[in-house]
Amino acid sequence: MHRQYDKNARLRTESERFDMITEAASFIGVGGDRKTRVSDVVAQLWGYRRQEQSDDAFKKDVERLCKRISDESADDVEQTGLIRLAANGCPTYYYWSDADSQLDFIEKFTITTPRAFALNFLKQHVAAILPKSLFSQLDEDFLLAERKLKYQGINLSDILDFSPFGLSMPGGNDSAPVFDTDAVNVVFEAIVKQQNITFSYDSIHSGYSGDLLISPQKLRFLSGQIQVLGLVHADQRLKHFALRKMQNVVSVTDTDFIAVKLTDYQHQRKLVIRCHGWVKDILTESQQGTQWQVSKVNATVWQLSAQIVMPKHFQSDNDDCFYIANYLSMFADSLQVLEPASVKQEMQRRIRKQASLYDAGTSVAEALTVLTNSPLEIANPVKEC
């Protein structure tokens, strides 16, 4: 019966391939006096021959497999790894130079359960920001992880709940964010090689729609979206761009790349808040700030302070409160911002606007005006810092 080459069948084939590699590597002897013929390896692996495969085809598969082991492990200068001996008209022989080389190679195809968890989690939830050049190099590691967890009957989504927004997020690649793979690759390569990129963009900010030239500094995953942090050449300002809105992304080499010192575009601020105990536990265990100081206000309310880094708004020297305000807003009326003034004022602005949306006396037209103006008001930070 012929195999059905669907996704699951592919995984089974890859799993068998790993088994064949490790079994062949284990079977081939250590030392020249224990050199092994390809025909002996073929006999050892005969159980892996597919029903539709001829004897000659399977032999060629094993020959390619042995050559791969040798190519990946051998060091011609040090004469270590799997040594290949071949002469015209004579059988090909292989042997391991030493036991350490053999063990080092075989260990590449074994994986612990914790490592399998970590790799599977990475593939399910962080794959969107991994450029193809990195992701492809981890392909075998991902397959090993899937094989390990499948063998143990473990489904990662049944055990770990990755919920950065407080809502359940199903695991698996089908739920990963949709993004332009080519654009991620171009941006990543440009950052590594310090090359500029051009692209078309549609922005709510005047002067940032149309064709832009930037020096990309970072790829970021913020608020569920992939963002590119880049210095705009036209006005020398550092700005985030949503990758999903970047069209026709191309790297260019005929203009000088401008590397920036990110600390020049940031403010160090002291964050002071009052909050309920459940919020205290979340914040102090998070990476949202450093040097946390905690004092009790009453039986259930606490005052916290910490040092935070806030980006400067790209159109001014004011704090850009967008992301920190988004984060703190999740705690609603269990949290009160006291400092810095910029964040406090932005929280006040949002609360007033939200209250008007839910006020029984607010007309549909008034509500639509609030919703329409919201991104414009967020885009322009408060003047008092």
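The values are calculated or read from the model by the stated rules, or taken from the named source; none is laboratory data. These figures come from a predicted structure and were not determined experimentally. Cβ: placed from backbone, ideal geometry, glycine included. Neighbour counts: every protein chain shown. Ligands, DNA and RNA are excluded from the accessible area calculation, which covers all protein heavy atoms including side chains. Shrake-Rupley method; radii C 1.70, N 1.55, O 1.52, S 1.80 Å.
Over its Cα atoms, what ratio of radius of gyration to 2.2 N^0.38 Å does the stretch 278-385 give? Could the numbers behind the result be given before it?
Numbers: Rg = 15.7 Å, N = 108, 2.2 N^0.38 = 13.0 Å.
Compared with the compact-globule rule of thumb, the stretch 278-385 sits at 1.20.
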Top positive-direction residue, dipole computed over the chain with Cβ charges, set 47, 326, 135: 326
Using a 1.4 angstrom probe, figure out how much accessible area the stretch 213-368 has per residue, in square angstrom, rounded to the nearest whole. 55
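Could the peptides 67-79, 358-370 be put in order, highest first, of the mean number of other beta-carbon atoms found within 10 Å of their residues? Kindly include the intermediate steps, with their values, before the conclusion.
Working: 67-79: 13.7, 358-370: 10.1.
Per-residue mean Cβ counts within 10 Å order the peptides as 67-79, 358-370.
Can you give the charge dipole size of the stretch 226-385 about its Cα centre, rounded to the nearest 20 debye, using +1 on the beta carbon of Lys and Arg and -1 on the beta carbon of Asp and Glu? Could you put the intermediate results ahead of the total?
Details: 17 positive and 16 negative charges, 56 e Å.
So the dipole magnitude of the stretch 226-385 works out to roughly 260 debye.
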The ³J(HN,Hα) series, computed from each phi in the stretch 280-287 with the Karplus coefficients 6.51, -1.76 and 1.60 at θ = phi - 60°, rounded to the nearest Hz and given as x for glycine or proline, is 3, 4, 5, 5, 5, 9, 8, 9
Residues whose placed amide H lies under 5 Å from that of residue 36, excluding near-sequence neighbours: 29, 94, 95
Extension reserve of the residue 254-residue 355 stretch, reckoned as 0.36 nm per residue once the Cα distance is removed: 31.2 nm
Take the solvent-accessible surface of the protein heavy atoms, probe 1.4 Å, and return the percent of it on the chain that carbon and sulfur atoms account for. 51
Note, the stretch 16-32: 3J(HN,Hα) by Karplus (6.51, -1.76, 1.60, θ = phi - 60°), whole Hz, Gly/Pro = x, goes 5, 4, 4, 4, 4, 5, 5, 5, 5, 4, 6, 6, 5, x, 9, x, x
Return one number: the angle in degrees, 0 to 90 and rounded to the nearest 10, between the long axis of the Cα atoms of helix 341-358 and the longest principal axis of the Cα atoms of the chain. 80
Take 16, 107 and sort them by solvent-accessible surface of the protein heavy atoms, 1.4 Å probe, largest at the top. 107, 16
The extension gain from residue 292 to residue 85, computed as 0.36 nm times the residue separation minus the Cα-Cα distance, is 68.1 nm
Which entry in [x] 0.96; [y] 1.10; [z] 0.99 is this structure's computed Rg/Rh (Cα atoms, Kirkwood Rh)? [y]
In whole Hz, the Karplus estimates of ³J(HN,Hα) for the stretch 229-246 (6.51, -1.76, 1.60; θ = phi - 60°; x where Gly or Pro) are 8, x, 8, 7, 5, 4, 10, 6, 10, 8, 9, 8, 10, 6, 4, 5, 9, 7
